[in-house]
Amino acid sequence: MSGLAMFGGPRAVPAELASKEHVGWPVVTDAERAAVVDVLDSGRFTSNQQAGEVQELEREWAEYVGAPHCAAVVNGTAAIELALAAAGVEAGAEVLMPALSFIAGAVAAVHRLAVPVFVDVDPVTFTMDPEATRAAVTPRTQAILAVHLHGLPCEMDALRALAAERGLVLIEDAAQAHGATYRGRRTGALGDVATFSLNVVKNLPTCGEGGLVTTGDADLHRRLLRYRQFGEDLQGRRRRDYLSHVLAGNAKISAVQAAFTRCQLARLEEYRRARERNVESLLGRLRELPGFVPPSCPPDRTHAWHIIRFRLDPAALDHPDLAPGALRAVAERALRAEGVPVMRYQTLPLPEQPAFRSRDGFAGGYPWRLPGACSAPYRPEDYPRTLAVIEDSLTLQRWHLNPAAGSVLRRCADAFEKVWEHRDELAAAARAMDDRQAIS
C-alpha cells in the first residue's frame with residue numbers, strides 16, 4: 001500500500017474521477033428542462049391555479065407514500081412549522097425532538113412559540129431513543145418530532161405507542177428519508193403528519209427549495225392548505241375570495257419547482273435502487289476494517305442513505321488510549337487528502353447551539369418566557385450519546401446520491417483501506433495533536 005496522501009503519497013481517488021457525471025447532484029436531464037419550459041409557456045405558475053403542476057406533484061407524492069393527502073410548500077422548515085400549526089400545537093407547549101439533528105425542526109417549533117425539548121439518540125441508528133423520549137414527556141408535551149436522520153426511519157412503533165398513550169401528535173421529519181420504509185410502509189405514512197424537504201441536495205430534489213406535507217387526516221390537510229396561503233380557503237374555488245380564516249403567512253411552492261420535482265420523482269425508485277447497491281458495496285468493504293464502524297440498517301426497515309455516517313473506535317484500531325476526537329480529526333484530514341470529501345454533520349448537539357444557549361434570536365426570549373412554559377436551561381451533558389457520536393464520527397454526503405457513483409465509491413473504499421493500513425501513523429498524528437492541545 002502506498003504512503004498516505006497527506007504525507008506526500010498519491011491520492012486514492014483521482015481528482016478527475018470526481019466529475020459531475022459521477023457525483024454531481026441533482027441529475028438534470030432533458031425531462032427537467034422540458035418540464036420547466038412547459039411551465040414557463042403555460043403561464044400557470046402558482047398553487048392558486050387548479051389542476052397545475054403543484055396539484056399533480058401533491059397527487060403523485062401522496063400515491064407514492066401511501067398517504068391520502070399531500071400539501072406542497074415552500075421548503076422543509078416551513079413544512080414542519082405548518083404541520084405543527086395544523087396539528088394544533090399551542091404556544092408554550094413542548095415538542096420532543098432528537099438532540100442530534102439539523103436545527104430546522106427546533107426553529108420551526110420556536111416560530112410556533114412552542115418549546116423544543118431535546119432527547120438523546122440511539123448510538124447505532126442515530127435516531128431518537130424511545131425510552132429517552134418517554135422520560136422527557138411532561139404535562140406540557142403536545143408533540144413528538146421523529147426525525148428520520150440520514151434516511152433511516154425511527155423506531156416508529158414505540159413512538160406511536162407513546163404518542164397514543166399520552167395523547168401526543170406524532171410528526172415525522174422525513175427530510176432525509178424519501179422512499180425509506182419501516183415494516184413495509186413508507187415514511188410519510190407512519191405518523192399523524194409527515195414533512196419532507198425538496199432542497200436541491202435531498203434525495204428527491206427540486207431546483208432550489210421546496211417541501212411536502214402528508215397526512216391521513218382530511219381536516220388537518222384542510223388546515224394545512226389554509227396556513228399555506230394567508231389563511232384562505234381555496235379548495236374547490238375558481239376565484240379567490242380574499243377571506244383569511246386564520247392568521248397565516250405565505251408558504252406556497254412554485255409550479256416550476258413542482259415540475260422539476262415531478263421529473264425527479266419519476267426516477268426516484270430507479271435512483272434509490274442504484275444508490276442502495278453502490279452504498280452497500282462501500283459499506284461491505286468498510287465492515288472489513290476494524291475500528292471504522294459503518295452505519296447499519298435494522299432488518300425491519302430500509303435506509304434512504306441520504307448521509308453515510310461512520311464512527312471511529314480507537315480500541316478496535318489497537319490504540320485504546322487515543323482520544324476519539326483527535327482520532328476523528330486526523331482521519332478526516334487523511335481521508336480528504338486521499339480525495340474522499342468526508343466531513344462532520346453537526347458539530348454540536350442542538351441544545352448546545354449558541355441560539356439555544358442565549359435564546360436571543362426570537363422575540364427577546366420567547367417561547368421560554370411565556371407563562372407556564374419550561375424555562376430551564378439546556379444542558380448538553382444530558383445527551384451523552386449524542387455528544388459521543390458527534391465527537392467520534394464523520395459523514396460522506398452527496399457524492400453517493402448520483403446513481404453513477406459506483407466507480408467513485410469503489411475508489412473511496414480504496415482510500416478507507418489505505419488509511420486503515422496506515423492506522424499506526426494515524427494514531428501517532430492523533431497523539432501529537434492531542435499533546436499540542438493539552439499544552440495550549
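Enter the accessible area per residue of segment 5-164 (Å², integer; probe 1.4 Å; all protein chains in place). Kindly include the intermediate steps, with their values, before the conclusion.
On the way: 6010 Å² over 160 residues.
In whole numbers, segment 5-164 has 38 Å² accessible per residue.
Convert each backbone phi in segment 248-257 into a coupling constant with the Karplus relation 6.51 cos²θ - 1.76 cosθ + 1.60 (shift: θ = phi - 60°), then list the ³J(HN,Hα) values in order as whole Hz, x for Gly and Pro.
Values, residue by residue: 8, x, 10, 10, 7, 8, 8, 5, 4, 5 Hz.
By average Cβ neighbour count within 10 Å, what is the ranking of 346-352, 276-282 from highest down?
Values: 346-352: 19.7, 276-282: 17.4.
Answer by packing, highest mean first, reads 346-352, 276-282.
Using Cα springs under 10 Å in a Gaussian network model of the chain, which residue among Ala251, Ala51, Ala12 shows the largest mean-square fluctuation?
Ala51
Give me, ordered by chain and number, the residues 5 or more places off Ala93 or on other chains with an amide H under 5 Å from its own placed amide H.
Under 5 Å from the amide H of Ala93: Val115.
Through the Karplus equation 6.51 cos²θ - 1.76 cosθ + 1.60, θ set to phi - 60°, convert the phi angles of segment 225-235 into ³J(HN,Hα) values in whole Hz; use x for Gly and Pro.
With coefficients 6.51, -1.76 and 1.60, one gets 5, 5, 5, 5, 9, 6, x, 7, 9, 9, 5 Hz.
Run the reach check for Lys202 against lysines, Cα to Cα strictly under 21 Å, same-chain hits fewer than 8 apart removed. What comes back?
Cross-link targets: Lys20, Lys252.
Relative contact order, percent, of the chain when contacts are C-alpha pairs under 8 Å separated by at least 6 residues? Walk me through the numbers before you get to the answer.
Numbers: 913 pairs, mean separation 98.7, N = 440.
It rounds to 22 percent for the chain.
Where is the GNM fluctuation largest for the chain (alpha-carbon springs, 10 angstrom cutoff): His400, His303, His245?
Checking each option, the largest mean-square fluctuation is seen for His245.
From the C-alpha coordinates alone, can you work out the Kirkwood hydrodynamic radius of segment 301-418, in Å? If you can, show how the numbers build up before the last one.
Working: mean 1/r = 0.0585 Å⁻¹.
Taking the inverse mean of 1/r over all distinct Cα pairs, segment 301-418 comes out at 17.1 Å.
With a probe of 1.4 Å, find how much accessible area segment 198-266 has per residue, and write the answer as a whole number in Å². Please report the intermediate quantities before stating the final value.
Numbers: 3110 Å² over 69 residues.
Computed with neighbouring chains in place, this is 45 Å² per residue.
Just the number, please: percent antiparallel of the DSSP beta bridges in the chain, rounded to the nearest 5. Numbers along the way, then the final one.
Working: 24 of 40 bridges.
The antiparallel fraction comes to roughly 60 percent.
Amide H to amide H, which residues 5 or more places from Leu152 or on other chains are under 5 Å from it, using H placed in the peptide plane?
Ala304
For segment 180-192, in order, what is each residue's ³J(HN,Hα) by Karplus, 6.51 cos²θ - 1.76 cosθ + 1.60 with θ = phi - 60°, in whole Hz (x at glycine and Pro)?
Values, residue by residue: 5, 10, 10, 6, x, 10, 7, 4, x, 10, 10, x, 6 Hz.
Straight distance only, please: which aspartates and glutamates reach the Cα of Lys418 with their own Cα at less than 16 Å, same-chain residues fewer than 8 apart left out?
Counting by Cα, and skipping residues close in sequence, Lys418 has these aspartates and glutamates nearby: Glu288, Glu332, Glu338.
Projected area of segment 40-163, taken from the Cα convex hull and averaged over every viewing direction, in nm²? If you can, show how the numbers build up before the last one.
Values: hull surface 36.4 nm².
Taking a quarter of the hull surface, the average projection is 9.1 nm².
How much of the accessible area of segment 32-82, probe 1.4 Å, is carbon plus sulfur, in whole percent? Write down the numbers at each step before the final one.
On the way: 1210 of 2240 Å².
The nonpolar share, carbon plus sulfur, comes to 54 percent.
Show me the ranking of peptides 422-433, 401-412, 90-101 by mean Cβ neighbours inside 10 Å, starting with the highest.
Numbers: 422-433: 18.3, 401-412: 20.2, 90-101: 24.0.
Result, highest mean first: 90-101, 401-412, 422-433.
Looking at segment 224-303, which chymotrypsin sites (Phe, Trp or Tyr not before Pro) are DSSP coil and have at most 14 other C-beta atoms within 10 Å of their C-beta? Display every interim value, and only then the final one.
Working: sites: Tyr227, Phe230, Tyr242, Phe260, Tyr271, Phe292; in loops: Phe230, Tyr242.
Here the chymotrypsin sites (Phe, Trp or Tyr not before Pro) that fit, given the DSSP loop and packing criteria, are Tyr242.
Kirkwood Rh over alpha-carbon pairs of the chain, then Stokes-Einstein at 10 °C and 1.306 mPa s: what D in µm² s⁻¹, rounded to an integer? Before the final figure, lay out each step's value.
On the way: Rh = 23.0 Å.
For the chosen part, D equals 69 µm²/s.
With springs only between Cα atoms under 10 Å, which of Gly291, Gly188, Gly210 fluctuates most in a Gaussian network model of the chain?
Among Gly291, Gly188, Gly210, the largest mean-square fluctuation in the Gaussian network model of the chain belongs to Gly291.
Please report how far the C-alpha centroid of segment 20-83 lies from that of segment 233-285, rounded to the nearest whole angstrom.
So the separation of the two Cα centres works out to 4 Å.
To the nearest 20 Debye, how big is the dipole of segment 30-189 about its Cα centre, given +1 on the beta carbon of each Lys and Arg and -1 on that of each Asp and Glu? Walk me through the intermediate numbers first.
On the way: 11 positive and 21 negative charges, 79 e Å.
Here the size comes out at about 380 debye.
The values are calculated or read from the model by the stated rules, or taken from the named source; none is laboratory data. Model, not experiment: these values are computed from the prediction. As a convention, Cβ positions derive from the backbone with ideal geometry for all residues, glycine included, and neighbour counts pool all protein chains shown. Note: accessible area is taken over every heavy atom of the protein model, side chains too, but ligands, DNA and RNA are not part of it. Shrake-Rupley method; radii C 1.70, N 1.55, O 1.52, S 1.80 Å.
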